[in-house]
Amino acid sequence: MRLVSELICYFIENWLAFAAFVLSIVSLVITWRKNIVDRRYASDKELLEQLKQSLDLAYRSVARENDGDFPTNSRLGWLTSARHIIRYRQLQISLKTTLYKTICEEQEEYWRNRFYNLLGRIDDSRFYESITPNEMVPEKIEPRSAAIVHSFSVWKEGRPDPLDDMSFEEIVSNYKLFSPRHRHFRDYIERSYPSLAERAKENGS
């Protein structure tokens, strides 16, 4: 207790030393926090590259080697794709920064659309059954792997849609989309969605 009193008296008599001490503590805390944030950004940046690679590999595993616009019905290809998607989902949880989470969601939406278009080319249920080229024996795509790959092409339940942030009228008004430069777009809206066109005109007036 006496030591504490002596320290208090010392700092009162030497306020400049006390101010310097406080500033050094504040500086130390700021530096410590900055280092943590920097490490998180560096870690997330590295992790994002792996996440992008996982989605690329997942897609290429179910796309035909010589024609990436059509899916393959290789059992192994679908198993491989499903594993990459699972690893992607597991690793995605490790992202800590809002910036890289948003960038990751953008990448995921790009690949989701590609999967959606690719899988949309399946026009028969027999697609999931095939013949192994080397062994000439029938094989079927494993159900869980098919479910995982198909699940990736679906919009996530509960995820907010960025399109909901602005109304059609606000978009048209803010970007002047009913100007002569965009006349074909305007004609399309007026012809196909007359009520939307009227609301957009009222909002812009």
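Each Cα pair under 8 Å and six or more residues apart adds its sequence gap; the mean of these over the residue count of region 166-205 is a relative contact order of 52 percent. Listed by chain and number, the lysines whose C-alpha is less than 26 Å from the C-alpha of Lys201, apart from same-chain residues fewer than 8 away, are Lys176. Taking a ≥ b ≥ c as the square roots of the eigenvalues of the alpha carbon gyration tensor, region 166-205 is oblate, as a/c is not under 1.5 and a/b does not beat b/c.
Near Lys101, which aspartates and glutamates are there with a Cα under 20 Å away, not counting those fewer than 8 places off in the same chain? Reachable aspartates and glutamates: Asp38, Asp44, Glu46, Glu49, Asp56, Glu109, Glu157, Asp161, Asp164, Asp165. Sorted fewest first by neighbouring Cβ atoms within 10 angstrom, Phe127, Phe178, Phe115 come out as Phe127, Phe178, Phe115.
Which of the three applies to region 43-158, rounded, prolate or oblate, going by the alpha-carbon gyration tensor with a ≥ b ≥ c and a/c under 1.5 meaning rounded? In terms of gyration-tensor shape, prolate.
Each value in this text was obtained by applying a stated rule to the coordinates, not by laboratory testing. These numbers were taken from a predicted model, which means no experiment stands behind them. Neighbour counts are summed over all protein chains in view; Cβ atoms, including those assigned to glycine, are modelled from backbone coordinates with ideal geometry.
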